[in-house]
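In what follows, a single structure is set out as structure tokens and then discussed.
The values are calculated or read from the model by the stated rules, or taken from the named source; none is laboratory data. No experiment lies behind these values; they were computed from the predicted model shown. All Cβ positions, glycine included, derive from the backbone under ideal geometry; neighbour counts span all protein chains shown. The protein model used for the area step is the full one, side chains on, heavy atoms only, and it has no ligands, DNA or RNA in it. Shrake-Rupley method; radii C 1.70, N 1.55, O 1.52, S 1.80 Å.
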Amino acid sequence: MFVCLGNICRSPAGEGVFKHYVAERGLQGEFEADSAGTSAYHVGEPPDRRMRQAASRRGLDLTGQSRQFSERDFQRFDLIVAMDRSNLRSIQAMDRKGRYQHKIKLFSDFVGDGFPVDVPDPYYGGRDGFDAVLDLLEEGMDGLLEHLAGSAGE
Ligand code: 4NP
């Protein structure tokens, strides 16, 4: 479960890149992926057109409608990946009894050294920002898949 603020830029892109990597490796049946926002600002909207265009230049088709992260998602998903530290804190705070803290990670936990801690919010910036998000997501996706493979069956 990929989480950002609006669920129209970074987390749908994370979901799209993840599904693409999984399909490339013939592992479609092994994983379920989804995305959500910590806010309700854009609920019901498709991914941002600028992000869809940036993704489509890389052969990725981003679909879905924005929804807000809900407490039920803590049970439904094994791993909840926040795009930045603000998203991380919001999700951690929603787990009031502290039962699911072990499932909540920051995307950059899976990226090598020398990359930003936060996947930067591209919403108010230019076109380069959307490409930078996709670069980072692609950079971390192998590490994320390795993590999931390592914890399979838990
Ligand atoms: P996202 O980007 O969190 O990557 O989907 C944003 C989308 C909308 C807003 C902020 C970030 N907003 O403030 O409306």
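A few notes on this one:
- Under-5 Å amide H pairs with Leu5, H placed in peptide plane, nonlocal only: Thr38
- Pairwise FRET efficiency - Ala40 versus Arg76, Cβ, R0 = 25 Å, nearest 0.05: 0.85
- Largest mean-square fluctuation among Lys105, Lys97, Lys19, in a Gaussian network model of the chain whose springs join Cα atoms under 10 Å apart, belongs to Lys97.
- Of all the options Ala55, Ala13, Ala93, the one that moves most in a Gaussian network model of the chain with Cα springs shorter than 10 angstrom is Ala93.
- A 1.4 Å probe, protein heavy atoms only, puts the accessible area of Met83 near 0 Å².
- The chain, helix-only ellipticity at 222 nm - DSSP H runs n ≥ 4, -39,500 (n - 2.57), divided by all residues, nearest 500: -12500 deg cm²/dmol
- Cα gyration tensor shape of the chain, rounded if a/c is under 1.5, else prolate or oblate by comparing a/b with b/c: rounded
- Low-density loop positions, trypsin sites (Lys or Arg not before Pro), region 23-56 - DSSP coil, at most 14 other Cβ in 10 Å: Arg25
- For Leu106, distant residues with modelled amide H under 5 Å away: Ala82
- Dipole magnitude of the chain about its Cα centre (Cβ charges: Lys, Arg +1; Asp, Glu -1), debye to nearest 20: 560
- Overall form of region 74-154 per C-alpha gyration tensor (a/c, 1.5; a/b vs b/c): oblate
- Normalised by the number of residues in region 9-126, the mean separation of alpha-carbon contacts (under 8 Å, six or more apart) gives a relative contact order of 24 percent.
- As a fraction of the 1.4 Å probe accessible area of region 29-92, surface on carbon and sulfur atoms comes out at 40 percent.
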